[in-house]
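For reference, the structure discussed in these notes is given below.
The values are calculated or read from the model by the stated rules, or taken from the named source; none is laboratory data. As the structure is a prediction and not an experimental result, all values here were calculated from the model. Because the Cβ atoms are built from the backbone with ideal geometry, glycine has one as well, and the counts that use them run over all protein chains shown. Accessible surface areas use protein heavy atoms only, side chains included; no ligands, DNA or RNA. Shrake-Rupley method; radii C 1.70, N 1.55, O 1.52, S 1.80 Å.
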Amino acid sequence: AWNEERRFIAVADNSGTIHFIHVPTNTILFAQPLPIPASLAEEESLFQSVKFSPCLGSYQTNKSHDLNVTEELHIVLKNFQLYRFRSLRLRELDSTLMEVQGAKDSKIESSKAADAISKI
């Protein structure tokens, strides 16, 4: 499932693990096994649905640059058991991850430049 702005993806695998990925940096932020009921242990597919949705009123009342916009992640198992992750501030998380990636890229470029100079 992609989030509203297509910057994050949640993937549910057949072992019952949810993987939460920041796509622009290709970073797995976490992988969390969910407690799976014994009644689903033999199922080929454990999940009915995995989807993001905006928190009520969040996108209607906040401007596109507002970092306080929140989303929810809903995960529904085949037995209709619901896991709900609320108040996810994904714009803010995305902004922070992109800043960190920029700092890493800058450090790598500085290191390459220093290596090039030392070889002269």
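Just name the residue that is modelled with the lowest pLDDT out of those in the stretch 66-96 that are among the hydrophobic types (A, V, I, L, M, F, W, C) and surrounded by 18 or more Cβ atoms within 10 Å (Cβ to Cβ).
The initial filter retains those residues of the stretch 66-96 that are among the hydrophobic types (A, V, I, L, M, F, W, C), namely 67, 69, 73, 75-77, 80, 82, 85, 88, 90, 93.
Filter once more, so that each one left must be surrounded by 18 or more Cβ atoms within 10 Å (Cβ to Cβ): 69, 73, 75, 77, 88, 90.
Values: VAL69: 82, LEU73: 94, ILE75: 95, LEU77: 94, LEU88: 91, LEU90: 91.
Checked the stretch 66-96; the qualifying residue modelled with the lowest pLDDT is VAL69.
When only residues in the stretch 1-43 that are among the small types (Gly, Ala, Ser) and not in a loop (DSSP other than H, G, I, E, B) count, which is least open to solvent (accessible area, probe 1.4 Å)?
By that ranking, first place goes to ALA10.
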